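The values are calculated or read from the model by the stated rules, or taken from the named source; none is laboratory data. Since the structure is predicted, the reported quantities are computational estimates derived from the model, not experimental observations. Don't worry about glycine lacking a Cβ; one is built from the backbone with ideal geometry, like all the others, and counts go over all protein chains shown. Accessible surface areas use protein heavy atoms only, side chains included; no ligands, DNA or RNA. Shrake-Rupley method; radii C 1.70, N 1.55, O 1.52, S 1.80 Å.
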Amino acid sequence: MLRQMTAELLSSELDKTDKVFWDIAKYKPTLYRPVGGLHNDIIINSAVQTGFKVVLWWLHIQDSKRPAPDKICALLNR
C-alpha cells in the first residue's frame, strides 16, 4: 500500500506525525525512513519537499555477523 500512496496523503501523514512529536516532545523530526524500506519517487520526493532527509538502508552486507571493517567496505564497493 505504501508504494501506492499519493504525494498528498504522504505529506498529510508526515504533517500529522510532526504534530504528535511536537505536542509530546517539542521536537520536530528531520529524518524519514520509509516503512519497510518500500519507496518510490513519489515517496522520496514528498518526504524531501516536506523537509525531511530520507534514510534508507541496505540489508545485504550482513554486518550483524561482525565481519572486519575491510570486509564490509569490500562488500559495499562491489
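For segment 1-20, which positions are open to solvent by 90 Å² or more (accessible area, probe 1.4 Å) and in a helix (DSSP H, G or I)?
Of everything in segment 1-20, those that are open to solvent by 90 Å² or more (accessible area, probe 1.4 Å) and in a helix (DSSP H, G or I) turn out to be ARG3, GLN4, GLU8, LYS16, LYS19.
Identify, please: which residue in segment 13-35 is among the basic types (Lys, Arg) and under 11 Å from PHE52 (Cβ atoms) and is, among those, farthest from the chain's Cα centre (by Cα)?
LYS28
Please enumerate the residues belonging to segment 26-50 that are open to solvent by less than 60 Å² (accessible area, probe 1.4 Å), without any contact (Cβ under 8 Å) to a residue 24 or more places away in the chain and either part of a helix (DSSP H, G or I) or touching a strand residue (DSSP E or B) at 6+ places or on another chain (Cβ under 9 Å) (or both).
Result: TYR32, GLY37, ILE44.
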